[in-house]
Amino acid sequence: MFIQTEATPNPATLKFLPGRAVLDSGTIDMRSPADAAQSPLAERLFGIDGIDGVFFGSDFITVSKSAGEWPQLKPAILGAIMEHFMSGAPLLNDGKTGGEEEQDEFFEPADAETVATIKDLIETRVRPAVANDGGDITFKGFKDGIVFLHMKGACSGCPSSTATLRHGIQNLLRHYVPEVVEVRPT
């Protein structure tokens, strides 16, 4: 098994590509060892000193560190990922296949058409680009012209995430949806 790695815009996060599907659908963002209890692989990764975040995407895993240097952490992470996939063990406990439960979204019923357009733009234009950087972004709400988005994985805590939201996503949404005046993280 050959696992590729890619740097992300977040220097504290590295993207691992195992060359096979990771999740059947959705994403899972685990920010603590307690969150990791749902996955044997995540538990193993959190067992490595200095790891403080694990994110599963469709075909990648991003790992975030709070301490240590990548040259020292990377071999242990690669070993954990390789051992997990070679063992044939499930990614998630309880036979789950992935995907986070959708959390409550908020918007006025009168804005349903605008929200549908915003969600379509996020799904087709924003999420693929964010996934390339080892993260994910989801719609959370729309109120008074403000779009609320949640950034996960490598994008969570990334120094350039504010610029991504303000300049990239906000400009894109304002171009196609005149009702949008601002984009904010949740």
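Just so it is clear, none of the values below were taken in a lab; they were calculated from the coordinates. Please read all numbers here as calculations on a predicted model, not as lab measurements. A quick note on method: Cβ atoms are made from the backbone with ideal geometry, for glycine too, and the neighbour counts reach across all protein chains shown.
So what is log10(I(q)/I(0)) for the chain at q = 0.10 1/Å, when the Debye sum runs over its Cα atoms only?
-0.42
If one computes P(r) from the Cα atoms of the range 4-95, what percent of pairs lie at distances over 18 Å?
When every Cα pair of the range 4-95 is considered, 36 percent fall beyond 18 Å.
Sequence-distant or interchain residues sharing an amide H contact under 5 Å with G145, placed H: which?
none
Once label points are set 7 Å from the Cα along Cα→Cβ at both D24 and R184, what is their separation, rounded to one decimal in nm?
3.8 nm
Please work out how much length the chain gains when fully extended from E108 to S58, using 0.36 nm per residue of separation minus the C-alpha to C-alpha distance, in nm with one decimal.
Extra length available between E108 and S58 comes to 14.8 nm.
Report the percentage of all Cα-Cα pairs in the range 109-185 whose separation exceeds 22 Å, rounded to a whole percent.
The calculated P(r) of the range 109-185 puts 15 percent of pairs beyond 22 Å.
What nm value, rounded to one decimal, do you get for the distance between A7 and S32 when each label is placed 7 Å out toward the C-beta?
3.3 nm
Hey, with R₀ at 22 Å, roughly what FRET efficiency would R166 and A116 work out to, going by the Cβ-Cβ distance, to 0.05?
The computed FRET efficiency comes out at 0.40.
Could you check the spin-label model distance between T124 and D94? Points 7 Å from the Cα along Cα→Cβ, value in nm.
3.5 nm
Sort 6-18, 129-141 by the packing proxy (mean of other Cβ within 10 Å over each peptide's residues), most packed first.
Per-residue Cβ counts within 10 Å, averaged per peptide and sorted highest first, yield 129-141, 6-18.
Can you tell me the dipole magnitude for the chain around its Cα centre, using point charges on the Cβ only (Lys, Arg +1; Asp, Glu -1), in Debye to the nearest 20?
Result for the chain is approximately 600 debye, rounded to the nearest 20.
Which angle from 0 to 90°, rounded to the nearest 10, does the C-alpha axis of helix 70-87 make with the longest principal axis of the chain?
Computed tilt is about 80 degrees.
Report, to the nearest 10°, how far helix 112-121 tilts away from the longest principal axis of the Cα atoms in the chain, using its own Cα long axis and a range of 0 to 90°.
For helix 112-121, the angle is close to 40 degrees.
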